[in-house]
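Below: one structure, written as structure tokens.
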Ligand code: TIU
């Protein structure tokens, strides 16, 4: 497989598609639709919806390659046994994790609101990992799965930029993965966090990884 290059910050990102996974983090109704976890925390979910169209293009183009695709979902068991009280009791949300909401119990596995949005539904052969924390590597077996598949690089997308995306990129970086974050395919409820969250990844010579718009990634796939 040829080595592909993406024009990125702080310098070109190169990857071998056979050793790269596309990661879609928490593109769940609970974060991007009204009546879910994100809204109960006081957020305007409409900002996150800007991610859906470019991410659909990225997903479609990636499905035409041999690359691995991994979707994650943040959420908890119905009995909340995997939800630490520190997470359950944090802040003053309008509804807490596990409370009944308009799309089912908030952030609970198996509920409609917890599931991935229709626009980005997984297809056969794609991995769907449930995660109880913000990072995709915590208590999911993701590292072992990626190692088994020979994955060395991650194309990172999803929500939210400064929370689950950042936590995951930091976890991945410490485990030896090269991460390219697609700037228009990650979203935040806070425009300033989006801007600074992305800058923090590529600063200092790429302290956590690389950042590029999806157009650069899509162009690189034309080399296949
Ligand atoms: N609240 C917020 O910005 N994010 C989360 O709680 N989880 C994820 O980022 N997925």
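Using only the Cα atoms of the range 109-224, build the gyration tensor, take square roots of its eigenvalues as a ≥ b ≥ c, and label the shape rounded, prolate or oblate: rounded if a/c is under 1.5, else prolate if a/b is larger than b/c, else oblate. Judged from the Cα gyration tensor, the range 109-224 comes out rounded (a/c under 1.5). Taking the longest Cα principal axis of the chain as reference, the axis of helix 52-63 is set at about 50 degrees.
Between residue 193 and residue 56, the FRET efficiency from the beta-carbon distance, with R0 = 22 Å, is close to 0.40.
Running Debye on the chain with equal point scatterers at the Cα sites and no solvent, what base-10 log of I(q)/I(0) appears at q = 0.11 Å⁻¹? Relative scattering, expressed as log10 I(q)/I(0), comes to -0.50. Taken along the Cα-to-beta-carbon direction at a fixed 7 Å, the label points for residue 221 and residue 112 span 3.1 nm.
Taking each residue as 0.36 nm, the span from residue 77 to residue 92 lengthens on full extension beyond its C-alpha to C-alpha distance by 3.3 nm.
The residues 40, 168, when put in order of fewest to most other Cβ atoms within 10 Å, stand as 40, 168.
Calculated FRET efficiency, residue 18 to residue 174, Cβ-Cβ distance, R0 = 30 Å: about 0.80 to the nearest 0.05. Each Cα pair under 8 Å and six or more residues apart adds its sequence gap; the mean of these over the residue count of the range 114-224 is a relative contact order of 21 percent. Put in order of Cβ neighbour count within 10 Å, fewest first, the listed residues 160, 62 become 62, 160.
Spin-label pair residue 127-residue 66: with each label point 7 Å from Cα along the Cα-Cβ axis, the two points sit 1.8 nm from one another.
Relative contact order for the range 4-221: 28 percent, from Cα pairs under 8 Å spaced at least 6 residues apart, divided by residue count.
The order of 29, 56, 170, going from fewest to most other C-beta atoms within 10 Å of their C-beta, is 56, 170, 29.
Only the coordinates and a few stated rules stand behind these numbers; no lab work does. If you're wondering where the values come from, they're calculated on a predicted model, not measured in any experiment. A quick note on method: Cβ atoms are made from the backbone with ideal geometry, for glycine too, and the neighbour counts reach across all protein chains shown.
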